[in-house]
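The structure appears right after this line, and notes come after that.
The values are calculated or read from the model by the stated rules, or taken from the named source; none is laboratory data. None of the values given here were measured: they were computed from a predicted structure. Here the Cβ positions follow ideal geometry from the backbone for every residue, glycine too, while neighbour counts run over all protein chains shown. Surface accessibility is based on the protein's heavy atoms, side chains included, excluding ligands, DNA and RNA. Shrake-Rupley method; radii C 1.70, N 1.55, O 1.52, S 1.80 Å.
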Amino acid sequence: MTERESSQISKKAGLPPGTLIHIGNFHTDRTDISITRYDEEDYGEYSPASADEIPGFLERPGVAWINITGLAQTEIIAKVGSIFGVHPLILEDILNTRQRPKMEDYGSYIFVVMNMLSVEPGEGIVSEQVSFLLTPQAVISFQEQPGDVFDSVRKRLQSKKGRIRQSGADYLFYALIDSIVDNYFVVFEWIGEVIEEIEDELVEHPTPEILKTIYALKRDLIYIRKVIYPLREVVAQLHRGESDLLDPSILVYFRDVYDHVILLSDYVETSRDMAAGMLDIYLSSVSNRMNEVMKVLTIIATIFIPLTFIAGIYGMNFEYMPELGWRLGYPGALGIMAVIVVIMLMYFHRKEWI
């Protein structure tokens, strides 16, 4: 958590419930509204100048997807909430971008909080909180910044193919949630590639930089686990179909999303086990490398022990030593040393120490 985020949280302390203060990183200073209005025959995209124009779109037939990008201008969020009769505590949760994934049914609307994960070049895994409000005629989505994973949904709406143009707001609600969950698989594909690269480097040449990469991967997996595990209960609640806003024919689609979330949970645990295994491999590789170095040093020291003993004897300054007057004394001493070295190397090789 950054210092800026901490100060924002401290400003909220002691304020009445429902006070609208943005908590999190300011990715953009603007709050933009885009509306996609469609039915089986007509389709249109609009960018209203203000939230006051939203009720006019709701009076038209069909389904409206109202996408709010940027949470800096809290007065716009408050205006949207007043149009749809959203409880102030829900608006407070929308502006607090450190929420745990959850689902709440208020009868006239359903509120869902999720995390949208993506992989950015040079940055790795990027997370953004996305909030949804499902009403009988509209889906309102709140994003922290421009850019999302909903392009496939937009293309389906524009092409007039499939069921989405023929269905109500609940099917659009499902399609948006499904897009976020499907993109988790893209993230795990990237994680799989990172794990393969780390494993190759561990086998070839383990370095301290690899250790940093492993720890960074473990942190990412811990965060993803915190995102996915609460999501299972969210989708399970939607699949149970306890809300009148969800048509019974939609529930089977949420069952499919639930199966995907369970599969993602398995991926998380498998990836965490692999990351822990790679850490053990790194430590074992470093230990084995140290053992090899110590073995070489020990062999060298062992070879020089008898040579040092012989050199020590002939280095004593006694007057009467038989070899001092012998012409071949010096070459003979060197020859004895060489023979000792050869014998010791042969012994080490037979023991498979070298």
* To do: Return one quarter of the surface area of the convex hull spanned by the alpha-carbon atoms of the stretch 146-190, equal to its mean projected area, in nm².
  => 3.7
* To do: Find which of Phe254, Leu283, Thr135 sits farthest along the positive direction of the dipole of the chain, computed with +1 on the beta-carbon of Lys and Arg, -1 on that of Asp and Glu, about the Cα centre.
  => Leu283
* **Solvent-accessible area per residue, Å², over the stretch 61-131 with all protein chains present [probe radius 1.4 Å]** => 36
* Structure fact -> Each label sits 7 Å from Cα toward the beta-carbon; between Asp42 and Ile83 the label points are separated, in nm, by 1.7
* In the stretch 228-354, carbon and sulfur make up what percent of the accessible area (probe 1.4 Å)? -> 64
* Percent of C-alpha pairs per 10 Å bin, the stretch 60-213, short to long -> 9, 34, 29, 15, 9, 4, 0
* With the other protein chains left in place, how much accessible area per residue, in square angstrom, belongs to the stretch 183-277 at a 1.4 angstrom probe? -> 54
* Work from the charge dipole of the stretch 180-266 (Cβ charges, +1 for Lys and Arg, -1 for Asp and Glu, about the Cα centre) and give the residue of His205, Val194, Pro230 farthest towards its positive end. => Pro230
* Asked: Which is the longest stretch in the chain that no exposed loop site breaks, taking sites as chymotrypsin sites (Phe, Trp or Tyr not before Pro) with a DSSP loop state and at most 15 other Cβ atoms within 10 Å?
  -> 107-317
* Asked: Where is the GNM fluctuation largest for the chain (alpha-carbon springs, 10 angstrom cutoff): Asn115, Asn25, Asn291?
  -> Asn291
* **Theoretical ellipticity at 222 nm over the chain - DSSP helices of four or more residues, -39500 (n - 2.57) apiece, nearest 500** => -19500 deg cm²/dmol
* Base-10 log of normalised Debye intensity for the stretch 111-201 (one unit scatterer per alpha-carbon) at q = 0.19 Å⁻¹ -> -0.92
* Determine the alpha carbon to alpha carbon distance for each of Lys79/Lys102; Lys79/Lys161; Lys79/Lys218; Lys212/Lys295 and list only those over 30 Å. => Lys79/Lys161; Lys79/Lys218
* Per residue Cα convex hull volume in Å³ - calculated over the stretch 46-98 -> 92
* Using Cα centres only, tell me the gap between the stretch 231-245 and the stretch 328-354 in whole Å. => 80
* Structure fact -> Placing one equal point scatterer on each C-alpha of the chain and summing with Debye, one gets log10 I(q)/I(0) at q = 0.09, 0.15 Å⁻¹ equal to -0.62, -1.28
* Structure fact -> Of all stretches in the chain that avoid GluC sites (Glu not before Pro) placed in a DSSP loop and having at most 13 other Cβ atoms within 10 Å, the longest is 124-241
* Over 18 Å, how big is the tail of the calculated P(r) for the stretch 19-75, in percent of all Cα pairs? => 41
* Asked: For the stretch 180-211, list residues with backbone N below 14 Å from a point placed 7 Å from the Cα of Ser285 toward its Cβ?
  -> 195-211
* Structure fact -> If every Lys and Arg gets +1 and every Asp and Glu gets -1 at its Cβ, then about the Cα centre the chain yields a dipole, in debye to the nearest 20, of 900
* Per residue, what volume in Å³ does the Cα convex hull of the stretch 130-278 take up? -> 127
